[in-house]
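Shown next, in structure tokens, is the structure this report addresses.
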Ligand code: C5P
């Protein structure tokens with residue numbers, strides 16, 4: 001077997017432009033019809049083959065590192081286990097994880113880490129896993145992980161793991177307002193959805209209108225068709241998010257929505273300049289306000305240290 005190389009892989013956060021949620025299936029997961037967009041907030045994973053496994057965490061100022069599981073419990077450890085099992089070997093690896101995506105924020109930061117880790121581990125150990133197998137392992141790791149691998153803008157079916165790219169002719173500018181306090185647990189938000197929507201249909205709402213809007217590239221049309229079935233549950237658990245959504249819209253955004261299961265709120269703006277002005281206005285009231293644009297690429301190699 002040839003030697004691998006230390007490799008850094010970057011993966012992006014996501015926003016759900018449309019999140020249709022149906023009544024829970026027998027396995028407890030909810031059927032989804034969702035449209036994901038990868039946006040320009042990133043986590044980086046550097047993997048180096050080593051005698052022993054370790055995970056070192058570096059966080060951007062706005063990221064609460066306390067919420068990131070260490071000591072073998074990170075989704076990256078699980079990614080190494082599954083990829084290793086697939087190849088019938090143990091992958092001992094030194095990992096450096098650099099996080100800019102808010103933790104437990106509804107932007108799939110953990111899924112981005114898992115996707116970046118799969119690609120970085122594959123290179124670091126020279127495994128040459130096929131894309132098909134990487135996607136299958138990603139789906140086992142979590143519903144959003146396959147999307148984090150492919151990026152761009154894509155429709156997700158099943159529990160979100162069956163992803164197909166869709167036409168997107170826009171360059172979309174977002175203002176991102178992470179929670180001032182703690183994150184929200186995704187299972188808790190789905191449980192509240194079940195309580196609030198006992199009559200949820202078996203088949204989730206489809207994104208026809210939103211797909212049309214994406215193809216036009218017109219921000220106002222996209223703003224009008226943004227949809228999140230988990231928003232009501234997230235607002236019920238965190239009523240103050242309603243005030244934040246109002247604040248962003250008053251500050252000039254075309255539309256604010258809760259990102260996925262929240263509590264991060266994202267605001268679609270009409271242009272880069274519009275997003276900068278909205279972010280500036282929001283900064284008078286909020287500690288952390290970020291700017292992002294989409295769509296951006298899925299997990300990709302940043303640095304492949306040839307000869308290292
Ligand atoms: O797939 P993932 O590990 O990201 O899911 C985390 C949790 O979110 C699941 O354990 C489940 O409670 C909830 N979930 C769901 N339906 C989905 C996706 C996630 O109920 N389609």
* **Of 298, 105, 71, the one that fluctuates the most in a GNM where the chain has Cα springs shorter than 10 Å** => 71
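Order these peptides, 185-196, 30-41, 256-267, by their mean beta-carbon neighbour count within 10 angstrom, highest first.
Top of the packing list down: 256-267, 30-41, 185-196.
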* To do: Just grab the label-to-label distance for residue 286 and residue 89, each label 7 Å out from Cα along the Cβ direction, in nm (one decimal).
  => 4.6 nm
* To do: Relative to the longest principal axis of the C-alpha atoms of the chain, give the angle of the C-alpha long axis of helix 240-250, reported between 0 and 90° and rounded to the nearest 10°.
  => 70 degrees
* Asked: Which values of log₁₀ I(q)/I(0), to two decimal places, follow from the Debye formula for the range 84-153 at q = 0.28 Å⁻¹ with a uniform point scatterer at every Cα?
  -> -1.39
* Structure fact -> Computed over the chain: longest principal axis from alpha-carbon atoms vs helix 109-124 long axis, angle to nearest 10 degrees, is 30 degrees
* To do: Would you work out the relative contact order for the chain, in percent, from Cα pairs under 8 angstrom that are 6 or more residues apart?
  => 28 percent
* **Relative contact order (%) - criterion: Cα under 8 Å, at least six apart; region: the range 172-294** => 43 percent
* Take every DSSP beta bridge with both residues inside the chain and express the antiparallel ones as a percent of the total, to the nearest 5. => 85 percent
* Give, in whole angstrom and from largest to smallest, the semi-axes √(5λ) of the equivalent ellipsoid of the chain, with λ running over the eigenvalues of the Cα gyration tensor. => 32, 21, 18
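Please give the contour-minus-distance gain from residue 276 to residue 197: 0.36 nm per residue of separation, less the Cα-Cα distance, rounded to one decimal in nm.
Full extension of this stretch gives 24.8 nm more.
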* Asked: Say a paramagnetic label sat at a point 7 Å from the Cα of residue 236, along Cα to Cβ; which residues of the range 189-217 have their backbone N under 12 Å from it?
  -> 189-200
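Working out 0.36 nm times the residue gap between residue 209 and residue 182, then minus their Cα-Cα distance, what length gain in nm do you get to one decimal?
Stretched fully, the residue 209-residue 182 segment lengthens by 6.4 nm.
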* Structure fact -> tail above 17 Å in the computed P(r) of the range 182-264, as % of all Cα-Cα pairs, reads 55 percent
* Structure fact -> Whole-Å distance linking the alpha carbon centroid of the range 171-202 with that of the range 1-40 is 15 Å
* Rank 165, 24, 198 by mean-square fluctuation in a GNM of the chain with C-alpha springs under 10 angstrom and give only the top-ranked residue. => 198
* Asked: To the nearest 10 degrees, how steep is helix 186-196 against the longest Cα principal axis of the chain, on a 0 to 90 scale?
  -> 30 degrees
* Note down the relative contact order for the range 210-278 as a percent, whole number, built from C-alpha pairs under 8 angstrom at least six residues apart. => 29 percent
* Structure fact -> Summing -39500 (n - 2.57) over every DSSP H run of at least 4 in the chain, dividing by its residue total and rounding to the nearest 500, the 222 nm mean residue ellipticity is -10000 deg cm²/dmol
* What length, rounded to one decimal in nm, is gained on full extension from residue 302 through to residue 66, with 0.36 nm per residue of separation minus their alpha-carbon distance? -> 82.3 nm
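Any read-out appearing in this document is the output of simple, stated calculations on the displayed coordinates, not a laboratory observation. Quick caveat, the model's predicted, so the values are computed rather than measured. Note that we place each Cβ from the backbone using ideal geometry, even for glycine, and neighbour counts take in every protein chain shown.
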